[in-house]
Amino acid sequence: MSDETRAAGPATDARDDGLVLGEDGFARPLWASKDLMLREYYDGEWGLPVRDERGLFERLSLEAFQSGLSWAIILRKRPAFRLAFADFDPDTVAAFDDRDVERLLSDAGIVRNRAKILATIGNARATVALRDEGGLAEFIWSFQPAETPQPRTLDEIPSRSAESVAAAKALRSRGFSFVGPTTVFALMEAVGIVDTHLLDSHRRGTSGVWSAR
(Lines give C-alpha, C1' and ligand atoms only; values in the text may rest on other atoms or scores of the structure.)
Protein backbone atom coordinates (compact mmCIF):
# COMPACT_ATOMS: atom_id res chain seq x y z
CA MET A 1 0.00 0.00 0.00
CA SER A 2 1.42 3.36 -1.03
CA ASP A 3 2.48 6.11 1.36
CA GLU A 4 -0.16 8.28 -0.33
CA THR A 5 -2.87 5.81 0.64
CA ARG A 6 -1.56 5.52 4.19
CA ALA A 7 -1.72 9.29 4.61
CA ALA A 8 -5.17 9.75 3.09
CA GLY A 9 -8.04 11.03 5.14
CA PRO A 10 -9.25 14.01 7.14
CA ALA A 11 -6.32 14.98 9.37
CA THR A 12 -8.60 16.91 11.71
CA ASP A 13 -10.20 13.63 12.80
CA ALA A 14 -6.95 11.83 13.50
CA ARG A 15 -5.44 11.08 16.87
CA ASP A 16 -1.79 11.73 17.49
CA ASP A 17 -0.92 8.17 16.47
CA GLY A 18 -2.73 8.54 13.14
CA LEU A 19 -5.72 6.39 14.05
CA VAL A 20 -9.30 7.58 13.68
CA LEU A 21 -11.98 6.44 16.12
CA GLY A 22 -15.02 5.33 14.13
CA GLU A 23 -18.63 5.65 15.17
CA ASP A 24 -18.52 1.93 15.95
CA GLY A 25 -15.80 2.53 18.55
CA PHE A 26 -12.98 0.93 16.54
CA ALA A 27 -9.76 2.78 15.79
CA ARG A 28 -8.50 2.60 12.21
CA PRO A 29 -5.74 4.35 10.25
CA LEU A 30 -6.68 7.35 8.16
CA TRP A 31 -6.60 5.47 4.86
CA ALA A 32 -9.12 2.93 6.17
CA SER A 33 -11.44 5.66 7.45
CA LYS A 34 -11.75 7.54 4.17
CA ASP A 35 -14.74 5.66 2.77
CA LEU A 36 -16.78 2.51 3.32
CA MET A 37 -14.97 0.49 0.65
CA LEU A 38 -11.57 1.04 2.25
CA ARG A 39 -12.99 0.46 5.72
CA GLU A 40 -14.48 -2.89 4.70
CA TYR A 41 -11.22 -3.90 3.02
CA TYR A 42 -9.24 -3.00 6.14
CA ASP A 43 -11.65 -4.76 8.51
CA GLY A 44 -12.23 -7.91 6.48
CA GLU A 45 -9.27 -8.60 4.23
CA TRP A 46 -6.08 -6.58 4.54
CA GLY A 47 -3.45 -8.40 6.57
CA LEU A 48 -5.23 -11.75 6.66
CA PRO A 49 -3.17 -14.75 5.45
CA VAL A 50 -3.32 -15.68 1.77
CA ARG A 51 -1.54 -18.97 1.07
CA ASP A 52 -2.89 -20.14 -2.30
CA GLU A 53 -1.24 -19.58 -5.67
CA ARG A 54 -4.12 -17.79 -7.36
CA GLY A 55 -4.73 -15.50 -4.40
CA LEU A 56 -1.08 -14.49 -4.22
CA PHE A 57 -0.81 -14.02 -7.98
CA GLU A 58 -3.85 -11.73 -7.90
CA ARG A 59 -2.48 -9.63 -5.07
CA LEU A 60 0.98 -9.46 -6.61
CA SER A 61 -0.61 -8.32 -9.87
CA LEU A 62 -2.76 -5.67 -8.21
CA GLU A 63 0.16 -4.33 -6.19
CA ALA A 64 2.08 -3.94 -9.45
CA PHE A 65 -0.83 -2.12 -11.09
CA GLN A 66 -1.02 0.17 -8.05
CA SER A 67 2.49 1.49 -8.63
CA GLY A 68 2.17 5.27 -8.94
CA LEU A 69 -1.55 5.17 -8.11
CA SER A 70 -3.68 5.01 -4.98
CA TRP A 71 -4.90 1.67 -3.65
CA ALA A 72 -8.48 2.98 -3.69
CA ILE A 73 -8.35 3.21 -7.49
CA ILE A 74 -7.18 -0.40 -7.79
CA LEU A 75 -9.69 -1.70 -5.25
CA ARG A 76 -12.59 -0.06 -7.09
CA LYS A 77 -11.41 -1.63 -10.32
CA ARG A 78 -10.76 -5.09 -8.84
CA PRO A 79 -13.96 -6.69 -10.24
CA ALA A 80 -12.99 -5.47 -13.71
CA PHE A 81 -9.42 -6.70 -13.25
CA ARG A 82 -10.71 -10.14 -12.26
CA LEU A 83 -12.92 -10.28 -15.33
CA ALA A 84 -10.17 -9.07 -17.65
CA PHE A 85 -7.53 -11.44 -16.27
CA ALA A 86 -9.64 -14.62 -16.05
CA ASP A 87 -10.00 -14.35 -12.27
CA PHE A 88 -6.18 -14.33 -12.13
CA ASP A 89 -5.83 -17.96 -13.04
CA PRO A 90 -2.08 -18.19 -13.74
CA ASP A 91 -2.38 -20.87 -16.43
CA THR A 92 -4.96 -18.88 -18.38
CA VAL A 93 -3.11 -15.57 -18.09
CA ALA A 94 0.17 -17.25 -19.03
CA ALA A 95 -1.42 -18.20 -22.35
CA PHE A 96 -2.48 -14.63 -23.23
CA ASP A 97 -1.22 -13.47 -26.62
CA ASP A 98 -1.00 -10.19 -28.54
CA ARG A 99 -4.75 -10.15 -29.11
CA ASP A 100 -5.30 -10.33 -25.36
CA VAL A 101 -2.86 -7.48 -24.82
CA GLU A 102 -4.81 -5.31 -27.27
CA ARG A 103 -8.07 -6.34 -25.60
CA LEU A 104 -6.72 -5.31 -22.21
CA LEU A 105 -5.41 -2.01 -23.54
CA SER A 106 -8.92 -1.17 -24.75
CA ASP A 107 -10.60 -2.16 -21.46
CA ALA A 108 -11.59 1.05 -19.67
CA GLY A 109 -12.42 -0.90 -16.53
CA ILE A 110 -8.77 -1.59 -15.68
CA VAL A 111 -5.53 0.41 -15.64
CA ARG A 112 -4.51 0.49 -19.30
CA ASN A 113 -0.76 0.48 -18.91
CA ARG A 114 1.05 -1.67 -21.46
CA ALA A 115 4.12 -2.29 -19.30
CA LYS A 116 2.01 -3.43 -16.35
CA ILE A 117 -0.19 -5.62 -18.55
CA LEU A 118 2.84 -7.30 -20.10
CA ALA A 119 4.37 -7.72 -16.64
CA THR A 120 1.22 -9.45 -15.38
CA ILE A 121 1.29 -11.90 -18.27
CA GLY A 122 5.01 -12.49 -17.77
CA ASN A 123 4.48 -12.95 -14.04
CA ALA A 124 1.79 -15.54 -14.73
CA ARG A 125 4.30 -17.51 -16.79
CA ALA A 126 6.89 -17.13 -14.03
CA THR A 127 4.30 -18.31 -11.50
CA VAL A 128 3.65 -21.47 -13.53
CA ALA A 129 7.39 -22.11 -13.83
CA LEU A 130 7.86 -21.59 -10.09
CA ARG A 131 5.78 -24.69 -9.37
CA ASP A 132 8.98 -26.68 -9.90
CA GLU A 133 10.30 -25.00 -6.74
CA GLY A 134 7.18 -25.59 -4.66
CA GLY A 135 5.01 -22.82 -6.01
CA LEU A 136 4.45 -19.09 -5.55
CA ALA A 137 2.80 -19.35 -2.15
CA GLU A 138 5.57 -21.40 -0.58
CA PHE A 139 8.16 -19.15 -2.21
CA ILE A 140 6.67 -15.86 -0.99
CA TRP A 141 6.01 -17.13 2.52
CA SER A 142 9.59 -18.37 2.80
CA PHE A 143 10.55 -14.71 3.28
CA GLN A 144 8.46 -14.32 6.42
CA PRO A 145 10.68 -12.53 8.96
CA ALA A 146 11.40 -13.72 12.48
CA GLU A 147 9.75 -10.58 13.86
CA THR A 148 7.12 -8.14 12.64
CA PRO A 149 7.10 -4.36 13.02
CA GLN A 150 5.37 -2.94 16.10
CA PRO A 151 4.37 0.55 14.96
CA ARG A 152 2.60 2.91 17.33
CA THR A 153 2.20 5.66 14.71
CA LEU A 154 1.88 5.73 10.93
CA ASP A 155 5.34 7.25 10.69
CA GLU A 156 6.79 4.09 12.26
CA ILE A 157 5.44 1.79 9.53
CA PRO A 158 8.29 0.83 7.18
CA SER A 159 7.85 0.74 3.41
CA ARG A 160 10.40 -2.05 2.86
CA SER A 161 12.46 -4.54 4.82
CA ALA A 162 15.51 -6.74 4.41
CA GLU A 163 13.14 -9.61 3.61
CA SER A 164 11.25 -7.65 0.95
CA VAL A 165 14.56 -6.66 -0.66
CA ALA A 166 15.64 -10.31 -0.72
CA ALA A 167 12.26 -11.50 -1.99
CA ALA A 168 12.20 -8.90 -4.76
CA LYS A 169 15.67 -9.94 -5.90
CA ALA A 170 14.71 -13.62 -5.85
CA LEU A 171 11.49 -12.99 -7.78
CA ARG A 172 13.28 -10.97 -10.45
CA SER A 173 15.83 -13.76 -10.84
CA ARG A 174 12.93 -16.07 -11.65
CA GLY A 175 11.45 -13.87 -14.34
CA PHE A 176 9.05 -11.66 -12.37
CA SER A 177 8.86 -7.92 -13.01
CA PHE A 178 7.29 -4.91 -11.26
CA VAL A 179 8.37 -6.56 -8.01
CA GLY A 180 10.53 -3.95 -6.32
CA PRO A 181 11.17 -4.08 -2.54
CA THR A 182 8.39 -1.58 -1.79
CA THR A 183 5.83 -3.45 -3.89
CA VAL A 184 6.83 -6.75 -2.30
CA PHE A 185 6.62 -5.29 1.20
CA ALA A 186 3.11 -4.00 0.43
CA LEU A 187 2.25 -7.54 -0.68
CA MET A 188 3.67 -8.94 2.55
CA GLU A 189 1.50 -6.54 4.54
CA ALA A 190 -1.61 -7.37 2.53
CA VAL A 191 -1.31 -11.16 2.88
CA GLY A 192 -0.27 -11.38 6.53
CA ILE A 193 3.44 -12.13 6.16
CA VAL A 194 4.07 -9.08 8.31
CA ASP A 195 1.64 -7.28 10.59
CA THR A 196 1.88 -3.51 10.26
CA HIS A 197 -1.41 -2.69 11.93
CA LEU A 198 -0.76 -0.04 14.57
CA LEU A 199 -0.55 -1.47 18.07
CA ASP A 200 -3.79 0.25 19.08
CA SER A 201 -5.71 -0.85 15.99
CA HIS A 202 -8.53 -3.35 16.58
CA ARG A 203 -7.04 -5.44 13.75
CA ARG A 204 -3.62 -5.87 15.36
CA GLY A 205 -2.84 -9.56 15.84
CA THR A 206 -6.03 -10.81 14.16
CA SER A 207 -4.24 -12.65 11.35
CA GLY A 208 -3.33 -15.63 13.51
CA VAL A 209 0.24 -15.34 12.23
CA TRP A 210 1.47 -12.76 14.74
CA SER A 211 0.46 -11.88 18.28
CA ALA A 212 -0.95 -8.44 19.02
CA ARG A 213 2.30 -7.31 20.68
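The values are calculated or read from the model by the stated rules, or taken from the named source; none is laboratory data. For clarity, every value in this text was computed on a predicted model and none was experimentally measured. Here the Cβ positions follow ideal geometry from the backbone for every residue, glycine too, while neighbour counts run over all protein chains shown. Areas reflect the complete protein model, heavy atoms only, side chains present, ligands, DNA and RNA absent. Shrake-Rupley method; radii C 1.70, N 1.55, O 1.52, S 1.80 Å.
Couple of notes before you dig in:
- Helix axis angle, 162-173 relative to the chain longest principal axis, alpha carbon, degrees: 10 degrees
- In order through the stretch 188-201: 3J(HN,Hα) via Karplus (6.51 cos²θ - 1.76 cosθ + 1.60), integer Hz, x for Gly, Pro: 4, 5, 5, 10, x, 5, 10, 10, 10, 4, 4, 4, 9, 6
- Counting protein heavy atoms only, the chain has 51 percent of its accessible area on carbon and sulfur, 1.4 angstrom probe.
- Alpha-carbon Rg with Dmax, taken over the chain, Å: 17.2, 52
- Distances between placed amide hydrogens fall under 5 Å for His202 paired with Ala27, all partners being 5 or more residues away or on another chain.
- Within the stretch 37-95, all pairs of alpha-carbon atoms sorted by distance into 5 Å bins from zero give the percentages 4, 17, 26, 28, 19, 5, 1, 0.
- Label-to-label distance for Arg51 and Leu69 is 3.1 nm, based on points extended 7 Å past Cα in the beta-carbon direction.
- Of the trypsin sites (Lys or Arg not before Pro) in the stretch 53-138, those whose Cβ has at most 15 other Cβ within 10 Å and which sit in DSSP loop: Arg112
- Alpha-carbon centroids, the stretch 130-181 and the stretch 88-113: separation in whole Å: 26 Å
- Using a Förster distance of 35 Å, the FRET efficiency for Thr92-Ser173 (Cβ separation, nearest 0.05): 0.90
- Using a probe of 1.4 angstrom and keeping all protein chains present, the accessible surface of the chain works out to 45 square angstrom per residue.
- Checking the cross-link pairs Lys116/Lys169; Lys77/Lys116; Lys34/Lys116 against a 24 Å limit on the alpha carbon distance flags Lys34/Lys116 as lying beyond it.
- List Met188, Met37, ordered by accessible area with a 1.4 Å probe, largest first: Met37, Met188
- Residues Arg114 and Ser142, FRET efficiency given R0 of 41 Å [Cβ-Cβ distance, rounded to 0.05]: 0.85
- Arg213 paired with Arg131, simple spin-label distance in nm, labels 7 Å along Cα-to-beta-carbon: 4.6 nm
- Inter-label distance, Asp43 to Arg99: 4.5 nm, where each label sits 7 Å from its Cα along the C-beta direction.
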